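Below is one structure, written out as structure tokens, with a few remarks after it.
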Amino acid sequence: MQYAQNVDYLLASIIYLGSHNYYWARSPKNMAEELSLDEDRLQKVFNNFPGIYRRSVRKARNGQHYYALQARYAQKEGGDVNDPEEVSYIEPLDTNKLQLLITFVLQSAEQERTSRRAFTTNFISIAAAIIAATAAVTTAILKA
């Protein structure tokens, strides 16, 4: 799964989970309904970007795990490592941390796009070189 293909879901969920005053974690179903997103795609985004999202051990009534931002979970106070409740006061991310996450996602997406463009350019260059070499060899054979 790539950042560039999921930047819309990444940004929407990061902003929601990072700034919500009431919920610090949500199930994909509940969050998708609230944000008018596709539930299956949101679930895939949560599962495929574990460096950004933390899957809770606990499950919602709908049977799905809760998901939170790793950065927000890290703000839990004290040495408690137990899973907090879905509605548990964990400070929203400050704007600098939220901006850091957003910048990371946007730069990762741009890097993927740049890599694809470079690959395409290199492929075209190699194909052109092969065609030119074939043409030169064919011309040399025909003149001989």
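The values are calculated or read from the model by the stated rules, or taken from the named source; none is laboratory data. As the structure is a prediction and not an experimental result, all values here were calculated from the model. Neighbour counts are summed over all protein chains in view; Cβ atoms, including those assigned to glycine, are modelled from backbone coordinates with ideal geometry. Heads up: the accessible areas ignore ligands, DNA and RNA and are worked out on the full protein's heavy atoms, side chains in. Shrake-Rupley method; radii C 1.70, N 1.55, O 1.52, S 1.80 Å.
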Here is a list: Glu110, Glu91. Which entry is surrounded by 11 or more Cβ atoms within 10 Å (Cβ to Cβ), modelled with pLDDT under 95 and under 21 Å from Phe49 (Cβ atoms)?
Glu110
Select from the stretch 50-68 the residues that are among the aliphatic types (A, V, I, L, M), open to solvent by less than 40 Å² (accessible area, probe 1.4 Å) and modelled with pLDDT under 95 and write down the one among them that is nearest to the chain's Cα centre (by Cα).
Ala68
Close pairs from the stretch 88-109: first without any contact (Cβ under 8 Å) to a residue 40 or more places away in the chain, partner open to solvent by 30 Å² or more (accessible area, probe 1.4 Å) and not in a helix (DSSP H, G or I), Cβ under 8 Å, at least 6 apart:
Glu91/Gln75
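Taking the stated definitions as given, is Tyr23 over 27 Å from Glu110 (Cα atoms), out of contact with any helix residue (DSSP H, G or I) (no Cβ under 7 Å at 6 or more places or on another chain), outside any loop (DSSP other than H, G, I, E, B) and in contact (Cβ under 8 Å) with a residue 40 or more places away in the chain?
Details: over 27 Å from Glu110 (Cα atoms): yes; out of contact with any helix residue (DSSP H, G or I) (no Cβ under 7 Å at 6 or more places or on another chain): yes; outside any loop (DSSP other than H, G, I, E, B): no; in contact (Cβ under 8 Å) with a residue 40 or more places away in the chain: yes.
Taking the combined requirement at face value, the residue does not satisfy it.
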Top-ranked residue in the stretch 21-49 [being closer than 19 Å to Gln99 by Cβ and crowded, with 18+ Cβ neighbours inside 10 Å; ranked as modelled with the lowest pLDDT]
Trp24
